[in-house]
Amino acid sequence: MKFGIFDHMDSSDRPLAVQYAERLALIEAYDRLGFHAYHVAEHHSTPLGMAPSPSVFLAAAAQRTTRLRLGPLVYTLSLYHPLRLIEEICMLDQLSGGRFELGLGRGISPIELGLYGADPSKAQPVFEEVLAILLKGLVSPRLDHDGKYYRFENVPMQLAPVQRPHPPLWCGTNNPDSVAEIARLGANIGHNLPPAQARICTDAYRAAWAAAGRDGAALPFMGITRHIVVAPTDDEALRIARRAYLRWHDSFYTLFRQFNQRPRLIYPDTFDEIMARGEAAAGTPATVRRLLRDQAAEAGVNYLFCRFAFGDMTLAEAMRSIELFAAEIMPALAAIQ
């Protein structure tokens, strides 16, 4: 089992410059304490995502770390010109010394896509074409492509990534029917699902991995995201988690309320409810260790995306949670296959 960080960078009650500085302080702690990677979401026009340009924030994070791997989860491909994105990927991999993780997706929010002038109904075919362009442009000295949405002829690729043929790929999916294509790419996957539903996806991925002729190769990471709060007592951890989750939950639904739409993912109203569904953990190190061990085993995962900073959680609360997790929980769960 490896441990990463998933960060919506949702709005807090602090000035934005302060929030950025505090997040970078947490990222330095992730680096120091041995976490595998930091993954930041991309969202637009919503308090759920205060880092709408992942590349900008990750460039700063790359200069504050030495071991921690860094990447978006995910770049919304229909909002990028593929040539510009190839250049940004190469720059970030070079700036980080080959620590970049490349998360790719079509975009989960039709509202956000529409506000940017993108057609949500075309998000999937645009995603597929841009992905094909990226995978060619990252490995070739010149790019040629003749597609429905983009055409390039003999474009010089002056930049290249450190990692060859390209940085590790990540895809988010809650749909077991999508895993065959992800397995073909050899990409890592992440889920926002309760353990039993996540297990359907991980079992499907293992089967698709073998069917793709990769049976002898090591499996990619298969992960679940979890809101996590660790404190000296269960009561204190739950008090922090309940308060911070309400702020995060409000940010998650703000844009959907404004446009009177229903999101694809539905989160319960309270932290107690989401923890009862097996999608969160709060308590002492012993409590959180037990909850996460059970959830990971049921889900069949080998990667845990930890959400340590969310809502109005203070820097001190998040830092203590991270340090307790690294000292008393990570070593016990690391042996999970």
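The values are calculated or read from the model by the stated rules, or taken from the named source; none is laboratory data. Keep in mind that this is a model prediction, so the values were computed, not measured. Glycine gets a Cβ as well: all are built from the backbone with ideal geometry, and neighbour counts include every protein chain shown.
Filtering segment 282-333 down to residues that are part of a strand (DSSP E or B) and within 15 Å of Ile240 (Cα to Cα), which residue is nearest to the chain's Cα centre (by Cα)? Full working, then the answer.
The initial filter retains those residues of segment 282-333 that are part of a strand (DSSP E or B), namely 282-283, 303-307.
Next cut, within 15 Å of Ile240 (Cα to Cα) only: 282-283, 307.
Numbers: Ala282: 20, Gly283: 24, Arg307: 10 Å.
Only one residue fits best here, namely Arg307.
Of the numbered conditions (1) surrounded by 22 or more Cβ atoms within 10 Å (Cβ to Cβ); (2) within 14 Å of Asn175 (Cα to Cα); (3) not aromatic (Phe, Trp, Tyr), Val230 fails exactly one; give the number of that condition.
Condition (2) is where Val230 drops out.
From the list Ala208, Ala218, exactly one residue is closer than 25 Å to Gly186 by Cβ and out of contact with any helix residue (DSSP H, G or I) (no Cβ under 9 Å at 6 or more places or on another chain). Which is it?
Ala218
Of the residues Arg14, Arg64, which is at pLDDT below 95 and in a loop (DSSP other than H, G, I, E, B)?
Going through Arg14, Arg64 in turn, the sole match is Arg14.
What do you reckon, is Ala180 surrounded by 15 or more Cβ atoms within 10 Å (Cβ to Cβ), of a type in the set (A, V, I, L, M) and modelled with pLDDT under 90?
yes
Please specify each residue of segment 230-248 satisfying the condition of being of a type in the set (A, V, I, L, M, F, W, C) and in contact with a strand residue (DSSP E or B) (Cβ under 8 Å, 6 or more places away or on another chain).
Val230, Ala231, Ala237, Leu238, Ile240, Ala241, Ala244, Trp248
I need the full set of residues from segment 152-204 which are at positive phi and assigned to a strand (DSSP E or B), in order please.
Listed by number, the list holds a single entry, Asn154.
Being in a helix (DSSP H, G or I) and crowded, with 17+ Cβ neighbours inside 10 Å is true for just one of Leu131, Leu143. Which residue is that?
Leu131
From the list Ala51, Ala123, which residue is assigned to a loop (DSSP other than H, G, I, E, B), over 22 Å from Ala160 (Cα atoms) and either free of Cβ contacts under 8 Å to residues at least 60 places away in the same chain or small (Gly, Ala, Ser) (or both)?
Numbers: Ala123 fails: assigned to a loop (DSSP other than H, G, I, E, B).
Unique residue meeting the criteria: Ala51.
Residues of segment 218-277 being within 16 Å of Ser11 (Cα to Cα), touching a Gly at 6+ places or on another chain (Cβ under 8 Å) and of a type in the set (A, V, I, L, M, F, W, C), which ones?
Listed by number, the residues that qualify are Ala244, Leu246, Trp248.
Could you list, in sequence order, the residues of segment 261-276 that are of a type outside the set (A, V, I, L, M, F, W, C), over 21 Å from Gly4 (Cβ atoms) and either surrounded by 14 or more Cβ atoms within 10 Å (Cβ to Cβ) or modelled with pLDDT under 95 (or both)?
Across segment 261-276, the qualifying residues are Gln261, Arg262, Pro263, Arg264, Pro268, Thr270, Asp272.
Return the residues of segment 294-323 that are among the hydrophobic types (A, V, I, L, M, F, W, C), crowded, with 19+ Cβ neighbours inside 10 Å and within 18 Å of Ile27 (Cα to Cα); say none if nothing qualifies.
Of the residues in segment 294-323, the ones among the hydrophobic types (A, V, I, L, M, F, W, C) are 296-297, 299, 301, 304-306, 308-310, 313, 315-316, 318-319, 322.
From what is left, the residues that are crowded, with 19+ Cβ neighbours inside 10 Å are 296, 299, 301, 304-306, 308-310, 313, 318, 322.
Correct list: Leu304, Phe305, Cys306, Phe308, Ala309, Phe310, Met313, Ala318, Ile322.
Taking into account only those residues within segment 1-46 that are more than 17 Å from the chain's Cα centre (by Cα) and hydrophobic (A, V, I, L, M, F, W, C), which is farthest from Thr254 (Cα to Cα)?
Leu33
Output yes when any residue across segment 236-257 is assigned to a helix (DSSP H, G or I), touching a residue at least 24 places away in the same chain (Cβ under 8 Å), farther than 20 Å from Pro285 by Cα and in contact with a His (Cβ under 6 Å, 6 or more places away or on another chain), and no when none is.
Within segment 236-257, none of the residues are assigned to a helix (DSSP H, G or I), touching a residue at least 24 places away in the same chain (Cβ under 8 Å), farther than 20 Å from Pro285 by Cα and in contact with a His (Cβ under 6 Å, 6 or more places away or on another chain).
Looking only at residues in segment 2-32 that are of a type in the set (A, V, I, L, M) and in contact (Cβ under 8 Å) with a residue 40 or more places away in the chain, which one is surrounded by the fewest Cβ atoms within 10 Å (Cβ to Cβ)?
Step by step, filter segment 2-32, then rank; the result is Ala25.
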